[in-house]
Structures are given as structure tokens and as C-alpha cells.
Amino acid sequence: MQKKFYIKTFGCQMNEYDSNKICDLMNTISFKKADHIDDADCFIFNTCHIREKATQKVYSDIGKIKKIYSNKKKPIFVLAGCVAQAESSMVFEKSDYVDIVVGPQAYHKLPGLISNFLKTNEKLIETDLNVDEKFDTLKNLKNTESKVSSFITIQEGCDKFCKFCVVPYTRGPEYSRNHKKIIEEVEMLADQGTREIILLGQNVSAYNDNGLSLAKLIKKISKIKNILRIRFTTSHPNDFDEELINLFGEEQKLMPQLHLPVQSGSDKILKLMNRNHTRLDYLKLIEKFRKVKSDIQFSSDFIVGYPGETEIDHLDTINLVREVGFTLSYSFVYSQRPGTPSTELDKISSEISKQRLEQLQGILFKQQIEFNHSMVNKENIVLFENRTKDSRQFFGRNEYMTPVFIENTLINTGEIKKIFIENANRNNLFGKLTEHI
Ligand code: SF4
């Protein structure tokens, strides 16, 4: 009987991209995706180590799988991703249910690891940081997913060493993929129905393939027939050159929405975090973007309650949020990650952090709602991605990434349509085809 695997992805978009590739790899050893959680011969958890809670969730979910299979044959259990890289052999101490530990730069070895485990039944660890080898293996894989909007990893790792962040340790130093191989992958995706490309990297704005910058790569991708939209994420504010900034005003396919993490609005905290830019540097950068593209919108990440944060620092963050007018943001209470320098600093009271988070999120959510409401009675350009469970309803995204729902049976996936927005809430817009008004 054909063996089945079940994959669960935790964390960021890059993990989603990696999980898709892991699925393609599993197909090469004749494992097919299981439809149900209780019907798998192999489990793969592709994990995230960015916050303590995310790591705890991984172990608690392993416990749940153990329970489900308590009266059945034990599946092979693979722990992949950043928890695997960071905790390595400690994983086996924390959970004896795990059989294989594989890091984010070594998952291309998974087929070999699984067949070795099947032969020997011995626990295995693979946490090499050989990114070249990984992408050389992945490029030969047949892509089994066809999506209107597809992620593609173009850069991995980071040299910035922000004091709270595990990425430089779990994903290794900055690495940029060969641009020709990226173009080939995008062309293949376009042939399979992709219309929007989201370029991924832990510090994607630092992309540099022997002098070929992110701006130049985007220009090349924009020439690919059938690629209608391009986005990239996540960036560091210090890695934007004039060419990349100006591209927002020049390249129609580059969408007017940018995720630009700032983490804090306080110069003191930015320094403690080793972000290497000031609040003013950030605001000046925002200004530059607005000069070349007046309707550009920004989203960001915030860490609340970083060690040393006072009420004044928190107010600096709130003021920055108001000044920029972010339309979407991700905010979390500071979480100590083992091995990062910030663990040596004294934590501030979790009660105070929670209160500050609530206050900040209240403002961020209000701005998000206001922005979405500003779309009502206006026309939005929407790329349609799929039908929802209700077969009459279609889902797409406008240029600012906001989900748009319409009731229509005549649209095809991958089409761009003008939609008249009739209603909005914090997360979504609702409208109808302009030509039907
Ligand atoms: S720039 Fe981003 S990925 Fe790099 S260390 Fe800082 S937070 Fe982490």
C-alpha cells in the first residue's frame, strides 16, 4: 500500500515555501499526502523558533500526535525547520517520539534520511548549512502545487545580528540564490498558472547575486509573460538603495505595499536591539518611498516590552505608528530566545508588556480598519486566487494585499478585475464586479 505523510507548517512564509518543497521531495520517494491526521505513516513538523510560544506549541502538538497513534503503528516523526536547527540533539531529550531532526538548510536530504531510518531504525540528525547544495537539489524537483500567488525563496540567512533574533543562528549567513535559477523557477511557475510572485528572504532587500541586486532581479522577473504582480518580503530598512526605492514608482508590476519591520520607535531600544538605524532614518526612508509612489502602504513588525523599554520608549513607538499610518502590522511581546544576546538582559514585567501590547494593537487595528473603510465606494484592482467553500464566492487580493471577496460565478482564477468595494471590516473587503454596477 502507498505510504502517506502528513505535514504541518509553523511560522513564516518561508516555511510555507519549504513545506511545499518537502511535499515535492516526499513524492520522489512515493509518499503521498495524507488527507487525515490519523492516517499517516510519516509526520513532518516544519517548525518556527522565533518566539518561545511557537516552540512550546511544537512539543505540545507532538504530544497530540502521540496520543492519536497510541493504539496504532507509530509513524516516522520528522522535526524540520528552525527548532530542529536550534535544538539539534536536545530535541530527542525533549521528545523521544521524534525520529529524525533536519535543519532548514538540509531538508533536501530528507528522502535519504527516511530510507536510512527505515533500514536501521536509528534516530538521525542533519543540520548542515549547505544552502548551495539544497537549492541545486530542489531545482530538479517537479512542482506539484499550482497557485495564482506563489512564494519563491531567493535569499536566506542574515548578517544583521539583531540582538533578539535567532535567524542568523538557525538559517546561517546571508545567501543569495543564482538569479538565472530564480528566473527559471518563476517561468516554470508562470507556465503552471502563477500570476503573482512573492520573493522571499529573511533579509530579501540584501539580495545580491554577484552584483545583481534585488531591483535588477525584479526588473528581469517583470519581463516574464503572465507574471502580473511582484512583491517581496521581509526587508531591513538599511538595505534599500535608490534603484530599489525608485522601482516602486517605475515598475507597474511591483505592488504598492511594503512590509518594512521597524520593531520599535525608540532610538534607545533600536540601539539596544542592534538595528543599526534610528527612528529618523526610518521615517526618512518612508518619505523617499512616498515621493516616488504616493499611494504606497506600509506594514511592519513590532516587539513590545524589549528589555530596557520604558513608558517613554513605548510612547515613541506609538507615535511612530501614528506618524507612518501602518495599514497592517504584526506585534508581539518580547520573547527570550536561547542563544541570542538579548537573553542576558533583564526582562521587564510581563504584565506591563501585555498592557503595552494591548494599547499598541488597539491603535494598529484602528488604523487597519480605517484604511479598509477608505476603500469603500472605490474601485480596487483585484487578482483572483480561488473560490471559497461557498462555490459562488470568489477570493482575491487588491494591490495592497487586502483580501477581497465577491459573489460571482463568471470569474476565472488568475484574472485581474476591477471591483467596486461595497463593504469592509478589519481584515477583508467585499464588493462586486465594476462592470456589473
Ligand atoms: S534583520 Fe531580521 S532576520 Fe536579520 S537578525 Fe534582524 S530581525 Fe533577524
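Rule-based calculations on the coordinates, nothing more; no lab input. As the structure is a computational prediction, the values presented were derived from the model and not from experiment. For neighbour counting, all protein chains shown are included, and Cβ atoms are generated from backbone atoms with ideal geometry for every residue, glycine included.
The figures follow:
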{"quantity": "Calculated on alpha-carbon atoms, Rg and Dmax of the stretch 1-51 in Å", "calculated": "11.4, 40"}
{"quantity": "Estimated [θ] at 222 nm from DSSP helical runs (n ≥ 4, -39500 (n - 2.57)) normalised by residues in the chain, nearest 500", "calculated": "-11000 deg cm²/dmol"}
{"quantity": "Antiparallel bridge percentage (DSSP; both residues within the chain; nearest 5)", "calculated": "35"}
{"quantity": "Potential lengthening between Glu407 and Gln393 on full extension [0.36 nm per residue; Cα-Cα distance subtracted]", "calculated": "4.6 nm"}
{"quantity": "Gain upon complete extension [Asn246, Glu311; 0.36 nm per residue less C-alpha separation]", "calculated": "19.7 nm"}
{"quantity": "Prolate/oblate/rounded call for the stretch 23-114, Cα gyration tensor, a/c under 1.5 rounded", "calculated": "oblate"}
{"quantity": "Three-way shape call for the stretch 78-209 based on the alpha-carbon gyration tensor, with the a/c threshold at 1.5", "calculated": "oblate"}
{"quantity": "Mean Cβ neighbour count within 10 Å, used as a protection proxy, ranking 228-237, 304-313, 352-361 highest first", "calculated": "228-237, 304-313, 352-361"}
{"quantity": "Cα gyration tensor, the stretch 66-121 - rounded (a/c under 1.5), prolate or oblate", "calculated": "oblate"}
{"quantity": "FRET E, pair Lys223, Gln13, Förster distance 22 Å, beta-carbon r, rounded to 0.05", "calculated": "0.35"}
{"quantity": "GluC sites (Glu not before Pro) restricted to DSSP loop in the stretch 33-124 with at most 10 other C-beta within 10 Å", "calculated": "Glu122"}
{"quantity": "Check: the stretch 294-437 dipole with +1 on Lys, Arg Cβ and -1 on Asp, Glu Cβ, in debye", "calculated": "580"}
{"quantity": "Neighbour-count ranking [beta-carbon atoms within 10 angstrom, fewest first] of His314, His277", "calculated": "His277, His314"}
{"quantity": "Pairwise FRET efficiency - Thr278 versus Gln336, Cβ, R0 = 35 Å, nearest 0.05", "calculated": "0.90"}
{"quantity": "Rough spin-label spacing in nm, given labels placed 7 Å along Cα→Cβ, for Asn130 and Lys268", "calculated": "4.9"}
